[in-house]
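Here is the structure we will look at, set down as structure tokens.
Since every read-out is calculated from the coordinates, none of them should be taken as a lab result. Only a predicted model underlies this, so the values are computations on that prediction, with no experimental measurement involved. In this analysis, Cβ positions are derived from the backbone assuming ideal geometry, glycine residues included, and neighbour counts consider all displayed protein chains.
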Amino acid sequence: MGNFLGLVRNENMKIYRRVRTWVMLGILAFCNAILPVLFSMVDSGGQTTLWDSVMLTASFTFYLCTIFSVIVAADSVAGEFSWGTIKLLLIRPWSRSKILLSKYIAVILFSLLCTLLLAAVAMLASSIFFAGGGESSLIGPGESGSAFTFRYLLCDYVNLFMTVAIAFMLSTVFRAGGLSIGLALFIMFAKGIFASLFNPDRYGWAKYLLFSHMDLSGYLKADEGPGGATLGFSLAVLAVYYIVFMAVSWYVFHKRDVAA
Amino acid sequence: MQHEPVVRLEGVTKKVGSRTLVENVTLDIPPGQVFGFLGPNGAGKTTTIRMMVGLTSISQGDINICGYSIKEHFEKAVANVGAIVENPEMYKFLTGYQNLRHFARMMKGIDAKRIEEVVRLVGLGNRIHDKVRTYSLGMRQRLGVAQAILHRPRLLILDEPTNGLDPQGIRELRDYLRHLCRDEGTTVFVSSHLLSEMELMCDSVAIIQNGRLIDVRSLRNGNESKAEAAETGFTVDEPERALAVLEGGSREGNVITLKLARDEIPEINARLVQAGIKVYGIQTVTRSLEDQFLEMTGGDPIG
């Protein structure tokens, strides 16, 4: 029955034909271009390297990147319900699972695009103002700047990936874009508080909490994570939560009666 | 094959919590007809349609479309269906054409030529390249019909299609539903609470009330050929004398009304004329669908 890629193209069309999307991408590019300029103005004595600048920029702009991806994810399913177009979408010869999958793929593609744009613009702008070599305070001794930065961005992306999964699930369950954006961003900003409140060093069970593992960047410097966890353990915890989020989305979307 | 029903509802029931929205509806929709689905607001029309297109699960019973169960073979069954459920909501930030492209990609074998053909059929013309945001309700309705017939479905389901349309729009809709039915052999299933509309549009109607199917009837059985007695009115100059001559009937102004079979009408006319009464007009008072409908559902409040 038709071509599954067609469905993904449809979802992409619904993302990129909206002015909103281009405003978001524009803001993201602008912030990544302007931050290295600001760093260069406060940088006294040429202490900052190219990769320092990229990571500092990303540490600010990745929040934007996550927020925008969450907005797109939250609107993906909830938008169809609030527009009423879900009724037209679900009466095509496609199972609901495939329709939801096409939506999820489009959301992930958007988050990847945001991340690539962020990295590309941040690197380009930083390379104008900063030199590549030199000792860095952020990067451990004997490590290549580019490889470290790549791993740093990868950790940020894992964080974003989980937040987007939460937003996508909430969007499917509550069919309300605002609620899912709000809750997902609340989790994004409050997870640090949760992680210190339920510190795995103090409570044994807390090491199974999602919040303790969403930020993997600690493993870049140390082998041991919160509560003595290893990277493998953290990834396993994240994987379990991810599967649960996806299963809930699929189940709810599949069972739901579409009424006015 | 030809007379196999396009849609077969078998004991379809929908329960939500303790409420029964649709109860044990069994209905066959024959091919090549405009089939009406009539009922007051809240009777279960939209719920039934939602079940037919798989938007809502079926509590009991099953619905077969072109031989495929909507429960077991959703994708095959729904491939034969085009529908507008309630209002024709479209992606407002896309143009009409992009909306059609969107739905065309979801189905097999729809090329640019077919899209153009459909745009011409519903008469959207150049406005198809404007954003749907700028469309009037009538234009959205046209776009709604366009997306529904894009894949040449064997069954077209329209839920309250005349809602919010002006008389001109209603007329056009009626015309191209007839065209689809006659020239492309599409079976059209239309729901409405507008009785007079249904009378003009449909070949048959099913009447539903409080979730139960209460009647299915044909509207195209030439009334005259029936031997059934119908109310017949005679407009005369001397109604009092006419009543005496005919020994029966009821009087309303200058009109005498009697219940007569078709063959009796000339006889009665002759008797009146022989008695020297002038007959100005003879009229069979056909009860409109509306009267029949109100009679059937009369006084029963929405449950």
Shielding by partners - mean other protein chain Cβ count within 10 Å, residues of B:77-83: 3
Residue exposure sequence - A:V70, B:V53 - by fewest surrounding Cβ within 10 Å: B:V53, A:V70
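Roughly how big is the range A:2-255's charge dipole about its Cα centre, with Cβ charges of +1 (Lys, Arg) and -1 (Asp, Glu), in debye to the nearest 20? Present the calculation step by step, with values, prior to reporting the outcome.
Details: 17 positive and 12 negative charges, 299 e Å.
Using Cβ point charges on Lys, Arg, Asp and Glu, the range A:2-255 gives about 1440 debye.
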Tell me the angle of helix A:177-197 to the major Cα principal axis of chain A, expressed in degrees between 0 and 90 and rounded to the nearest ten. 40 degrees
Charge dipole magnitude, Cβ of K and R +1, D and E -1 - the protein assembly as shown, Cα centre, debye nearest 20: 1100 debye
Could you please rank A:F194, A:F110, placing first whichever residue has the fewest other Cβ atoms within 10 Å of its Cβ? A:F194, A:F110
Reachable lysines, given that their alpha-carbon falls under 16 Å from the alpha-carbon of B:K259 and they are not under 8 places away in the same chain: B:K226
Under the rule a/c < 1.5 gives rounded, and otherwise a/b versus b/c splits prolate from oblate, where does the range A:2-255 land using the Cα gyration tensor? oblate
When the charge dipole of chain A is computed with +1 at the Cβ of Lys and Arg and -1 at the Cβ of Asp and Glu, the Cα pointing farthest to the positive end, of A:L160, A:V54, A:P226, is that of A:L160
Loop only per DSSP, at most 13 neighbouring Cβ atoms within 10 Å: give me the chymotrypsin sites (Phe, Trp or Tyr not before Pro) in the range A:1-76, ordered by residue number. none
Using the charge dipole of the range A:18-105 (Lys, Arg: +1 at Cβ; Asp, Glu: -1 at Cβ; taken about the Cα centre), state which of A:L28, A:A73, A:S97 has its Cα farthest towards the positive end. A:S97
Restricting to lysines and to Cα separations under 24 Å from B:K76, and discarding same-chain partners fewer than 8 apart, the set is A:K87, A:K98, A:K103, A:K255, B:K14, B:K45, B:K108
Compute the signed sum of charges (Lys and Arg +1, Asp and Glu -1) over the other residues within less than 13 Å, Cβ to Cβ, of A:K207. -1
Restricting to the protein assembly as shown, what percent of DSSP beta bridges are antiparallel, rounded to 5? 65 percent
Kindly express, to the nearest 10 degrees and within the range 0 to 90, the angle between helix A:231-255's C-alpha long axis and the longest C-alpha principal axis of chain A. 20 degrees
Compute the long axis of helix A:50-83 from its Cα atoms, compare it with the longest principal axis of the Cα atoms of chain A, and write down the angle in degrees, 0 to 90, nearest 10. 10 degrees
Determine the sum of side-chain charges near A:C155: Lys and Arg each +1, Asp and Glu each -1, restricted to other residues whose C-beta is under 12 angstrom from that of A:C155. 0
Eligible aspartates and glutamates near A:K191 by straight Cα distance, threshold 13 Å, same-chain separation 8 or greater: A:D215
Is the range A:106-260 best put as rounded, prolate or oblate by its Cα gyration tensor, with a ≥ b ≥ c the root eigenvalues, rounded for a/c under 1.5, and otherwise prolate when a/b is larger than b/c, oblate when not? oblate
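Calculate the dipole size of chain B relative to its Cα centre from +1 charges on Lys and Arg beta carbons and -1 charges on Asp and Glu beta carbons; express the result in debye to the nearest 20.
Details: 37 positive and 39 negative charges, 319 e Å.
With Lys and Arg at +1 and Asp and Glu at -1, about 1540 debye.
Rank the residues B:H193, B:H73 as a footprinting-exposure proxy: fewest other Cβ atoms within 10 Å of their Cβ go first. All intermediate terms of the calculation are to be shown ahead of the outcome.
Details: B:H193 17, B:H73 14.
Fewest-to-most Cβ neighbours within 10 Å comes out as B:H73, B:H193.
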Does the range B:91-132 classify as rounded, prolate or oblate by the C-alpha gyration tensor (a ≥ b ≥ c root eigenvalues; a/c under 1.5 gives rounded; else a/b over b/c gives prolate, otherwise oblate)? oblate
